[in-house]
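**Student:** Before I ask anything, here is the structure I am working with.
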Amino acid sequence: MDKMELWETYPLIDNLCYTDASNWEQTRLLMTMLGNMFSKTKVKASDLLPLPWDKKTEQKTTGITTEEIQQLKQKAEKIKQKNYGYNTNKTDE
């Protein structure tokens, strides 16, 4: 139980760069304060010392489109017809 499998080490290796993130952020903030004290223009922390985790990831939309809604409705209708043996559409009334 004290030994790790190889597959268990992958998340650790992937996130190894974040172990000193707080130290780097502290250093960057100190540099920004000093830079702003001696500069006529305002300096941004990310411009002064860019770090790998500054890159924002794309936000994927998880919304469902109307086409997907129609496809799901059709699938549900087919399942109802298969299981119950009758048409559940109310358009025939």
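**Student:** Could you list, in sequence order, the residues of the range 12-59 that are basic (Lys, Arg) and without any contact (Cβ under 8 Å) to a residue 12 or more places away in the chain?
**Tutor:** Lys40, Lys42, Lys55, Lys56
Yes/no matrix, rows are residues, columns are (1) surrounded by 10 or more Cβ atoms within 10 Å (Cβ to Cβ); (2) out of contact with any strand residue (DSSP E or B) (no Cβ under 9 Å at 6 or more places or on another chain); (3) modelled with pLDDT under 85:
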residue	(1), (2), (3)
Asn15	yes, yes, yes
Glu25	yes, yes, no
Leu34	yes, yes, no
Met37	no, yes, no
Ala45	yes, yes, no
Leu48	yes, yes, no
Thr61	no, yes, yes
Ala76	yes, yes, no
Gln81	yes, yes, no
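The values are calculated or read from the model by the stated rules, or taken from the named source; none is laboratory data. Being a predicted model, the structure only gives us computed values, none of them experimental. Note that we place each Cβ from the backbone using ideal geometry, even for glycine, and neighbour counts take in every protein chain shown.
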